[in-house]
Structure formats: structure tokens, C-alpha cells
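First the structure, in the form of C-alpha cells, and then the observations on it.
The values are calculated or read from the model by the stated rules, or taken from the named source; none is laboratory data. Keep in mind that what you see is a predicted model, and the values were worked out from it rather than measured. In this analysis, Cβ positions are derived from the backbone assuming ideal geometry, glycine residues included, and neighbour counts consider all displayed protein chains.
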Amino acid sequence: MLVEGIFKFPSVAFSTVKFMCVVIYWVTNSSRVINVITCGFPPLEDREKSLKLLAAHDFFGCGLLTKEETLRLAELEKKAVQDMFVIISDVWLDNEEAMGKLTTVLDVFENEEVVPSLFVFMGNFSSHPCNLSFPSFSSLRSQFGKLGHTIAMHQRLKENSRFLFIPGPDDAGPSTTLPRCALPKYLTEELQNHIPNAIFSSNPCRIKFFSQEIVFFREDMLYRMRRSCLMPPSTEETEDSFEHLVKVMGFEFVLQLVATITHQSHLCPLPLVVQPIIWNYDHALHLYPTPHTIVLGDRSKQKAFKYTGITCFNPGSFSSDGTFVAYRPCNQEVELSAL
């Protein structure tokens, strides 16, 4: 039993009730007291080392690749310099101003020499939560149809781009547990009539770009982690290299959030009473091995940075402040954009 100790949590990371930690302690036999020296997150393991140690395991689920196939994909990836992903979060279909901005974005990319290969639309898709008091699901269905019509009017985008839709925390669905299933077919049927190659995925969602793994997750994690934080992150001066990184970048909570989920290897290290998880599908939230890119759709201010080699960014809330991201996966270049 732990009766005495000094706990030092990672001072620039979030510590919640549900998290894995490493404890260093020593025991005094005479007093039977465990003296805790330090308590912190486990070290982050490099992706290549993880894959080398577990080479026979298929983490992504698309089958194991031979060495020749891996090398071929790496070569193709180097040539895909023109590929671009456009990520837009909080696309409120019932907001005329937001839809006007979206039309402007589509007009711009329609006239580009090379159109984006992928558009990622992340929820929420309504300014009002889709709960029992939601006014009309039939109107939301027709709004999805209007979005499909708007996209179809941009012929080059319709023919050459793919469109991925990821549900948000307040979108329609059987429950709020994670992972969330795709948007109901009732809502998206009219849109699919206009855009047959539209993809409706779960939340979170993973994409394989040649040899790279990209994770998309739409949840207001920054707000929820701060509410569930046992001890607020410290701003005290230390010699810790990570804390120096925070100081250089400015004291950004989003960096602390990324540090927490990557060291925990889990997208949502919240207590189950705060965020229920479907236990049989908890693996869908794992971040092991670490992905190349993590896209955290959050209603907070847009931000992009690299943490231990992982490209991380938040596209921001499009309907609130007109922000979105243009991302080139070939060189992991993030372009923060706004209207």
C-alpha cells in the first residue's frame, strides 16, 4: 500500500484519472513505507523500432507487405509531390455563411492546375447537437443533398478528388461512445447520389498514404482533457527538454495534449465515466506504433507543429472562424489557411 510519496507528474502534460504511468520508488523495510521519487508517462517509442520488433504483426489491417512492396511504395511516395489533402472541420450545413465560405474554397481548388486528391470533411455537420431535441433530421438530410449538389457543380473536383466524411461528437449516431460509427445512410443518401465515390468513415479514421499512416480524430479533446485534469500543467522553469520546447513555442495546451496521447498511445485517455468506449473496439483508438501524422479536429484555435517526428495539426473550426488546412503528405507540409 502506498502511504507516503512525492508525485511528480509530467509538468507539461495532462494527468487524468485514466492514464498509464511509470513509478520510481524505494522501500524502507523498517517502516514499510513506499517512498515515491517520481511518477511520469512511459517514454515514447520510435515507430521504426516498434515495427522492427513486431514485424510479423499487421497493425493497420491491410495485410503484411513484403520488403519489395515497401520499397516500391516508398519510391511512389517520393513522386507524389502534387498530392494534397484539404481538411475542413465543423462544416455546419445549416449555416448559410459557412456554406458560402465552403463554396468559395471549392471554387479556388477547382481552378488550381492540380486539384486536391482528397477532401476531408469533419463534423459537426450541424450547428445544433443531433440529440433527442434535434428539430428535423429530414432537413439535415436535404442539407447533405445540397452539399452533394454544390460539390457536383465543380466538375474537376468531382472527377479527380475523393471526399471523406468523418462524424463529429454531436452528429447523428446510435450513441456518443467511441469509436463512433459512420454517419447514418438516411442522412447521406442524397449526397451519395451526387457524389458516388464519397466515403463515410468512423471516428477516428486512419488513412494509408503509400508508406505513411495518417490518423484523423474529431473530438474536442483539449477542452475535455483540461476539465478532467487532476493537476494543471506547470509553467515552472526546469531543465527538461520538452518543457524547453513548450517555452520556445509558447505555452500551448495543444502541445501538452499531443504529448499526453502519444505517450499514452491512446487518442482518448479519459476516464470511462467521462467518455465511454466500446471495449471490443478500443484498439481503434490506439496510437501504437506511432503514426506519421495525427489530425486532431478540435474547436480550439488551429495549430501545427512536429512532436518527436510526428506531424500534428488542428485544422480549426471552419464555421466559426473560416480556418482549414491544406496538407501535402509527401513532405508532410502543413499550410494553415483561412478565409
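Across region 203-250, which residue is modelled with the lowest pLDDT among those that are within 21 Å of Pro329 (Cα to Cα) and part of a loop (DSSP other than H, G, I, E, B)? Going through the qualifying residues, I end up with Ser211.
Select, from Phe144, Phe109, Phe125, Phe119, the only residue that is part of a strand (DSSP E or B) and either within 24 Å of Leu339 (Cβ to Cβ) or in contact with an Asp or Glu (Cβ under 8 Å, 6 or more places away or on another chain) (or both). Even if it seems obvious, please write down each step before you answer.
Details: Phe144 fails: part of a strand (DSSP E or B); Phe109 fails: part of a strand (DSSP E or B); Phe125 fails: part of a strand (DSSP E or B).
That would be Phe119, the only listed residue that is part of a strand (DSSP E or B) and either within 24 Å of Leu339 (Cβ to Cβ) or in contact with an Asp or Glu (Cβ under 8 Å, 6 or more places away or on another chain) (or both).
Please specify each residue of region 279-309 satisfying the condition of being in contact with a His (Cβ under 9 Å, 6 or more places away or on another chain) and aliphatic (A, V, I, L, M). Scanning region 279-309 gives Leu285, Leu287. For region 169-215, the set of residues classified as touching a Ser or Thr at 6+ places or on another chain (Cβ under 8 Å) and under 20 Å from Leu270 (Cα atoms) consists of Pro169, Asp170, Pro179, Arg180, Cys181, Val215, listed by residue number. Restricting attention to region 286-339, the residues that are of a type in the set (S, T, N, Q) and under 17 Å from Leu102 (Cα atoms) add up to 5. For Thr103, the conditions (1) surrounded by fewer than 17 Cβ atoms within 10 Å (Cβ to Cβ); (2) assigned to a loop (DSSP other than H, G, I, E, B); (3) of a type in the set (Ser, Thr, Tyr); (4) touching a helix residue (DSSP H, G or I) at 6+ places or on another chain (Cβ under 7 Å) are fulfilled apart from (2). Do you know which of the residues in region 287-305 that are in a strand (DSSP E or B) and of a type outside the set (Gly, Ala, Ser) is surrounded by the most Cβ atoms within 10 Å (Cβ to Cβ)? Of everything passing the filter in region 287-305, Val295 is surrounded by the most Cβ atoms within 10 Å (Cβ to Cβ).
Mind checking which residues of region 191-203 are within 17 Å of Phe137 (Cβ to Cβ) and either of a type in the set (S, T, N, Q) or surrounded by fewer than 18 Cβ atoms within 10 Å (Cβ to Cβ) (or both)? Can you show your working first?
We begin by selecting, within region 191-203, every residue within 17 Å of Phe137 (Cβ to Cβ); these are 191-192, 200.
Passing the criteria: only Gln192.
Within region 168-202, work out how many residues are of a type outside the set (Asp, Glu) and assigned to a loop (DSSP other than H, G, I, E, B).
Going through region 168-202 one residue at a time, the tally reaches 19.
Of all residue pairs spaced 6 or more apart or on separate chains, those with beta-carbon atoms under 8 Å, a first member in region 46-62 that is more than 19 Å from Thr311 (Cβ to Cβ) and a second member that is hydrophobic (A, V, I, L, M, F, W, C) are Ala56/Leu64; Asp58/Leu64.
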